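Colleague: Before I ask anything, here is the structure I am working with.
The values are calculated or read from the model by the stated rules, or taken from the named source; none is laboratory data. Fair warning: this is a prediction, and the values are worked out from it, not measured in the lab. Positions of Cβ are backbone-derived with ideal geometry, glycine not excepted, and every protein chain shown enters the neighbour counts. Surface accessibility is based on the protein's heavy atoms, side chains included, excluding ligands, DNA and RNA. Shrake-Rupley method; radii C 1.70, N 1.55, O 1.52, S 1.80 Å.
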Amino acid sequence: QVPLSRSYVNSHVSRVKTMFKWGVSEELVSESVWNALLTVPELKRGKSKARDALKKQPVPAEHIDPVLPFMHEPTRQMVELHRLTGVRSRSLCLAKPEQFDTRVTPWLWRPRHKTEHLDRELIVPLGPRARKLLKPILRLRKPGEYLFRPRDVRKDHRYREHYDAGSYRLAVIRAIARYNRARKKGQPEIPDWHPHRLRHTVGTLVHDGYGYEAAQAILGHDTDITKLYTARRLSLASKIAAEIG
């Protein structure tokens, strides 16, 4: 059995602390218990037997393009939009028509994101290729409907109304397996890759071509305490989206 990674252990310890913090707020747990938990330190690099997870790597184009024809349409659309925008998988899975402002150029997408509970807004400019991909999808969807739906693959009530990070990843892995089974003699086998690595693909592309600040602007990394995007960063992200997205 592969030992758990240090980051995985630390993330679970953090969740336990958060759970007990909630318990204190609801008067279900003594505050002394939570205070004691706060003294539990994170595992430090080289100071425990836990392994360090490998750094996430971009997905090369030669591992993406051959697999696209083996994906069902919703998954293929998600992957193509993912590699153009670099958003997180959750934002992609929860995309709805009302999140897109199509009255401006470039279009502006205000997706669900992990820091929205802190009243921070994420704005993703959409370049010409992303707009071309989204136009027919938006025409088919009513406000409140999810753009990418598993039930569109098979008309079955058992399928959910939207993907989540797990089902999105599984759909990609199954498409890779279909490609590997169908590949011709001499064609290399494509290893499994996680859709979240497409975010690193975009980040690397922008960093190499435009610099560190540009990568932050495109990926929506929070460098401001009060809001995710200043006008300057949005302008920079819009310029890059127009060129590569």
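Colleague: Rolling a 1.4 angstrom probe over the protein chains, ignoring ligands and nucleic acids, what is the accessible area of residue 170 in square angstrom, nearest 10?
Modeller: Accessible area of residue 170: about 80 Å².
Colleague: Now for a separate question. How much accessible area does residue 114 have with a 1.4 Å probe, in Å² rounded to the nearest 10?
Modeller: 130 Å²
Colleague: Can you pull the accessible area of residue 154 for me, 1.4 Å probe, Å² to the nearest 10?
Modeller: The accessible area of residue 154 comes to roughly 140 Å².
Colleague: Quick one: putting +1 on the C-beta of Lys and Arg, -1 on the C-beta of Asp and Glu, what dipole do you get for the stretch 119-203 around its Cα centre, in Debye to the nearest 20?
Modeller: Computed about the Cα centre, the dipole is about 540 debye.
Colleague: When ligands, DNA and RNA are left out and all protein chains stay put, how many square angstrom of accessible area per residue does the stretch 1-89 have with a 1.4 Å probe?
Modeller: On a per-residue basis, 69 Å².
Colleague: If you don't mind, another one. For 173, 240, 218, give the ranking by accessible area with the largest first, probe 1.4 Å.
Modeller: So, going from the largest accessible area down, we get 173, 218, 240.
Colleague: Let me ask something additional. State whether the stretch 37-168 is rounded, prolate or oblate according to the following rule on the C-alpha gyration tensor (a ≥ b ≥ c being the square roots of its eigenvalues): a/c under 1.5 gives rounded; otherwise a/b larger than b/c gives prolate, and the remaining case gives oblate.
Modeller: The shape class here is prolate.
Colleague: Which whole-Hz ³J(HN,Hα) couplings does the stretch 4-19 yield from phi under the Karplus relation 6.51 cos²θ - 1.76 cosθ + 1.60, θ = phi - 60°, glycine and proline marked x?
Modeller: My calculation for the stretch 4-19 gives 5, 7, 4, 5, 5, 4, 4, 5, 6, 4, 4, 5, 4, 4, 5, 4 Hz in order.
Colleague: Return the long-range amide H neighbours of residue 107 (sequence gap of 5 or more, or a different chain), with a cut-off of under 5 Å between placed amide H atoms.
Modeller: Placed amide hydrogens put 126 under 5 Å from residue 107.
Colleague: Rank 66, 128, 191 by mean-square fluctuation in a GNM of the chain with C-alpha springs under 10 angstrom and give only the top-ranked residue.
Modeller: Result: 191 has the largest fluctuation of those listed.
Colleague: Next up: Could you sort 44, 185 by their accessible area in this structure, using a 1.4 Å probe and putting the largest first?
Modeller: 185, 44
Colleague: Tell me the mean residue ellipticity at 222 nm calculated for the chain from its helices only (DSSP H runs of n ≥ 4, each -39500 (n - 2.57), averaged over every residue, nearest 500).
Modeller: Here the helix-only value at 222 nm equals -14500 deg cm²/dmol.
Colleague: Among the lysines, select those whose C-alpha is under 24 Å from the C-alpha of residue 49, and discard any that sit fewer than 8 residues away in the same chain.
Modeller: Candidates past the 8-residue exclusion: 17.
Colleague: Kindly write out, for the stretch 131-141 in residue order, the coupling ³J(HN,Hα) from the Karplus curve 6.51 cos²θ - 1.76 cosθ + 1.60 (θ = phi - 60°), rounded to whole Hz, with x marking Gly and Pro.
Modeller: Coupling constants for the stretch 131-141: 5, 4, 5, 7, 3, x, 5, 5, 5, 8, 9 Hz.
Colleague: Sticking with this one: Step through the table entries 132/184; 56/114; 21/114; 56/132; 55/185; 135/239, compare each Cα-Cα distance with 25 Å, and write down the pairs that go over it.
Modeller: Too far apart for the 25 Å limit: 132/184; 56/132; 55/185.
Colleague: Just to make sure I understand: if all protein chains stay in place, what is the order of 105, 18, 204 by accessible area at 1.4 Å, largest first?
Modeller: 105, 18, 204
Colleague: Along each of the three principal axes of the Cα atoms of the stretch 4-77, give the extent in whole Å, ordering the values from largest to smallest.
Modeller: If we take the Cα atoms of the stretch 4-77, the spans are 56, 34, 14 Å.
Colleague: Run the dipole for the chain about the Cα centre, Lys and Arg Cβ at +1, Asp and Glu Cβ at -1, nothing else charged, and hand back the magnitude in debye, nearest 20.
Modeller: 840 debye
Colleague: Find the eigenvalues of the gyration tensor of the Cα atoms of the chain, then list the square roots of 5 times those eigenvalues as equivalent ellipsoid semi-axes, largest first, in whole angstrom.
Modeller: 32, 25, 21
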